[in-house]
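The values are calculated or read from the model by the stated rules, or taken from the named source; none is laboratory data. These numbers were taken from a predicted model, which means no experiment stands behind them. Cβ placement follows ideal geometry from the backbone for every residue including glycine, while neighbour counts extend to all protein chains displayed.
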């Protein structure tokens, strides 16, 4: 049990004498006729995770014993934590930043190695481009304010040509970070990849090759897959949510027809649809009709490329020949970036929206006329600075914090 709050040594005195700071000690808890041996740790504030006094009690896991102790803690004025409340208090007490708290949430939710590495790369480290942006904006904020307040009396002018010279490299950094953020978001969420095609087009073979295990039945009999199969996996650094679908064909089999009918919703939700067509064949008319509404996210893949070489994107899943597919996926979904290039990038909707606003703000500054009044660049510079502050959490919105910490577990 983790407890956080002011003056815990006095609050918990009726239950247990606390050991010296940061030393694990075996102590006896006594309450309501119960006596329980527990390992007790005490972290006095502000040198603790939350910045407040923190006490941890390691007791036996008997559910009834736990309930009785929780009930007694309630009589001492201690309540159950809300989701993410420990991290929220750490944030409000200056023990960590908002970006670090968001990285922790993503780390808790990570399901693959690449997602863990992505979250860890953002924990405890402010991106260097944010520091550089501050260094560029600070002197120009001061000059703009001086031009507004004392320009006419002191002859202080704001040189927009020099300002734009400093802002253009900054805008380039923002655009680079936007591309990295889009790719990182794909990795953080997991890429939804749907496999479609006629029966025996090689869907299940490719599905198993990407999943790294035999999850789909592979036979020479058409129509083996009659329902949507889903698996989460990591393949060559890409976290995937794979969907194997029923073969697309006209059929009188009622079960197979149900499987074909379920393909549409899978295609709607997919980030990318791989349309598998055996090398040397033409795409069936039925497949083309079903895929037409999703044309923008369909990638045609030529299967059995080891048997019949043909133009296009060749794969031979049973031979492990998938290099062309790997390159195509990274090009289409990550903008050509390697997963390693996304480490440290922003990933959340909040972060990406603020970065886009920041980029637009700089674009507006670069588009100002040379003879514009100084109030205009001063206002835009203040707006850019405010967006940076919101991004790092220095300017906190209570609603945003509620949304962030609602996704945490109680122990965080």
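Kindly indicate which of 100, 82 is farther than 17 Å from residue 3 by Cα and either under 16 Å from the mean Cα position of the chain (by Cα) or not in a helix (DSSP H, G or I) (or both).
100
Do we find a residue being modelled with pLDDT under 90 and either part of a loop (DSSP other than H, G, I, E, B) or touching a helix residue (DSSP H, G or I) at 6+ places or on another chain (Cβ under 7 Å) (or both) anywhere in region 374-386?
Scanning region 374-386 turns up at least one residue that is modelled with pLDDT under 90 and either part of a loop (DSSP other than H, G, I, E, B) or touching a helix residue (DSSP H, G or I) at 6+ places or on another chain (Cβ under 7 Å) (or both).
Out of 66, 54, report the one residue that is out of contact with any helix residue (DSSP H, G or I) (no Cβ under 7 Å at 6 or more places or on another chain) and in a strand (DSSP E or B).
Being out of contact with any helix residue (DSSP H, G or I) (no Cβ under 7 Å at 6 or more places or on another chain) and in a strand (DSSP E or B) holds for just one of 66, 54, which is 54.
In region 67-80, which residue that is surrounded by 13 or more Cβ atoms within 10 Å (Cβ to Cβ) and touching a residue at least 40 places away in the same chain (Cβ under 8 Å) is farthest from residue 32 (Cα to Cα)?
Among those residues, the one meeting the criterion is 78.
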